[in-house]
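See below for the structure under consideration.
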Amino acid sequence: MSIKSNIDYVNDLKGQAAIRSGRKPEDVLLVAVTKLHEPSEINEAIDAGVTDIGENKVQEILRKYDDVKPVRWHLIGHLQTNKVKSIIDKVCMIHSVDSLHLAKEIDKRAAQHGLKMDILIQVNSANDENKFGVSTEETDELIRQISEQCPNVCIRGLMCIAPYEEDTDDARPFFAAVKKIYDKYAGEKKDNIDFKYLSMGMTNDFQVAVEEGSNLIRVGTAIFGYRDYRKEEK
Ligand SMILES: *Cc1c(COP(=O)(O)O)cnc(C)c1O
C-alpha cells in the first residue's frame, strides 16, 4: 500500500465516523504523525494532501525541518522547558501542555518572537501513572492559571491519549470525559481561551475517538506503517 492510498483510507474512515457523529468529514482534521519517518516519506504525504504533521520530539523536528516541504508542524509529545526555545518559531501548536511551568516558558519564548502560541492542555483522563497530562479534576484550574498568567499563549482546546484497548469501545469513557470538559469551554471565547481543537484518536482508536467528539486525530502507523524504534534519538 502506498502512503497516498493509506491517507485516502484513513480520510475515508475519519469521514464516515464524522458523519456518524453528526458532523461533516472536513470538520475533523487529520494530523499525520511522522515521528521516526524520513523527510522523503513526509513529503510524499504532503503531496498526497496532508496539511498538518505531528512530531513528538524536538530533536526530530530540528533534524527534518529544512528537508520537509511547507506544512503545519504540531508538537504532540512531552516537551521539556529547556527545549521550548528551539521550536517556538517552527510549530503551529503544542498539544502537550500539562503544567503552568511549561506554559510560562512557552509564553516567555513566544513574547520574545512577537507571536502568540496555540496550545492544547493534555488531559490524562485515565489517570495513567505512565502518561503525562493533568487529571480531569485539575484541568479547570490549570486553564484558569494559564489564561491569567500567560498572555502570549492561546488555549485552543484539549488533547488526550487514551490507554491502548484491544476492544476500542473500552476507550470511549476516557474520550467522553475529555469531551465533557471541552464542551464547557467551547462556547466561551476570551482573550486567550478560544477552544477549537479536541485532539483525540490514534491509529488504533481514531474512529471511536471521532464518534466521541474528537475533531483532530493524530495518526501515524495507519499512514506510514510501523516505526523502527532503533532510529529513536536519545
Ligand atoms: C506516535 C503518536 C501518535 C500516533 O500513533 P499511531 O498509533 O502510530 O497512529 C499519536 N499521538 C501521539 C502523542 C504520539 O506520540
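The values are calculated or read from the model by the stated rules, or taken from the named source; none is laboratory data. All of these numbers come straight from a predicted model, not from anything done at the bench. Here the Cβ positions follow ideal geometry from the backbone for every residue, glycine too, while neighbour counts run over all protein chains shown.
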Item to complete: Taking the options LYS69, LYS57, LYS108, name whichever one is closer than 21 Å to SER147 by Cα and not acidic (Asp, Glu).
Response: LYS108
Worksheet item: Inside the range 144-232, counting only helices (runs of 4 or more DSSP H) that do not spill past its ends, which hold 3 or more residues that are under 16 Å from the mean Cα position of the chain (by Cα)?
Response: 172-186, 206-211
Worksheet item: Within the range 82-100, is there a residue that is in contact with a Cys (Cβ under 6 Å, 6 or more places away or on another chain), of a type in the set (A, V, I, L, M, F, W, C), part of a helix (DSSP H, G or I) and surrounded by 19 or more Cβ atoms within 10 Å (Cβ to Cβ)?
Response: no
Discussion item. Quick check on the range 206-221. Is at least one of its residues free of Cβ contacts under 8 Å to residues at least 12 places away in the same chain and either surrounded by fewer than 17 Cβ atoms within 10 Å (Cβ to Cβ) or of a type in the set (D, E, K, R) (or both)?
Written reply: no
Item to complete: Only one of these is farther than 25 Å from VAL84 by Cα, away from the ligand (no atom under 13 Å from the Cβ) and modelled with pLDDT of 95 or more: ALA186, ALA171, ALA209, ALA176. Name it.
Response: ALA176
Discussion item. If I ask for residues that are touching a residue at least 40 places away in the same chain (Cβ under 8 Å), part of a helix (DSSP H, G or I) and in contact with a helix residue (DSSP H, G or I) (Cβ under 7 Å, 6 or more places away or on another chain), which ones from the range 31-75 would you list?
Written reply: GLU41, GLU44, ALA45
Item to complete: Check ILE181, ILE143, ILE121, ILE155 and return the single one that is surrounded by 14 or more Cβ atoms within 10 Å (Cβ to Cβ), within 16 Å of the ligand (Cβ to nearest atom) and among the hydrophobic types (A, V, I, L, M, F, W, C).
Response: ILE121
Worksheet entry | So LEU62, is it aliphatic (A, V, I, L, M) and closer than 13 Å to MET159 by Cα | no
Fill in: Among the candidates GLU232, GLU148, residue that is of a type in the set (Asp, Glu), farther than 27 Å from GLY15 by Cβ and without any contact (Cβ under 8 Å) to a residue 12 or more places away in the chain
GLU148
Worksheet, complete the sentence: Expected output for the range 189-205 (first residue without any contact (Cβ under 8 Å) to a residue 60 or more places away in the chain and under 30 Å from TYR226 (Cα atoms), partner more than 13 Å from the ligand (Cβ to nearest atom) and hydroxyl-bearing (Ser, Thr, Tyr), Cβ below 9 Å, 6+ apart or cross-chain) is LEU198/TYR182
